[in-house]
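Please read the structure below before turning to the comments.
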Amino acid sequence: MGKGMRAGKKPSMGGGGMGGNMQKQLQQVQAMQRKMEEAQAEIEKMETTATAGGGAVTVTVNGAKQVANIQLKPEVVDPDDVEMLQDLIMVAVNEALRQMEEISENEMSKITGGLNIPGLM
């Protein structure tokens, strides 16, 4: 047996209270996970709307980041300029998705306290 070692004693692993502390941390993580799941369910019910072309194209996106609605003013539908309509739809969809991402990040940061945890969103 080495110097300073007693028979029947295992070397300490850096503090006697680690087991309880680890369990408390695990419970906190599980509680945070439940809150995040609840928040995600609430976010999925939310919607945001963006427009392009001065309101000629309106796109609504839900919290699941799916297009929920597209509205076109009749005057924007020009068979001779389909590219413009495509561009306006793309701009409105991208803006609505960006807004929903921002909403989602803000809601989740309320729970995580601003922690940047990879893979959560």
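Readers should treat all values here as calculations from the given coordinates under stated rules, not as data from a laboratory. Just so you know, these numbers come straight off a predicted model, no measurement behind them. As a convention, Cβ positions derive from the backbone with ideal geometry for all residues, glycine included, and neighbour counts pool all protein chains shown.
Here are some notes:
- Residues whose amide H falls under 5 Å from that of ALA56, counting only those 5 or more places apart or on a different chain, are absent, with hydrogens built in the peptide plane.
- With θ taken as phi - 60° and the Karplus curve 6.51 cos²θ - 1.76 cosθ + 1.60 applied, the whole-hertz 3J(HN,Hα) list for the range 45-57 is 7, 6, 9, 9, 10, 10, 10, 9, x, x, x, 5, 10 Hz, x standing for glycine and proline.
- Peptides 40-50, 57-67, 25-35, ordered by how many other C-beta atoms sit within 10 Å of their residues on average, highest first, read 57-67, 40-50, 25-35.
- Potential lengthening between GLU44 and ALA64 on full extension [0.36 nm per residue; Cα-Cα distance subtracted]: 6.7 nm
- In nm, spacing of pseudo-spin labels at GLU37 and MET90 (7 Å Cα→C-beta vector): 4.0
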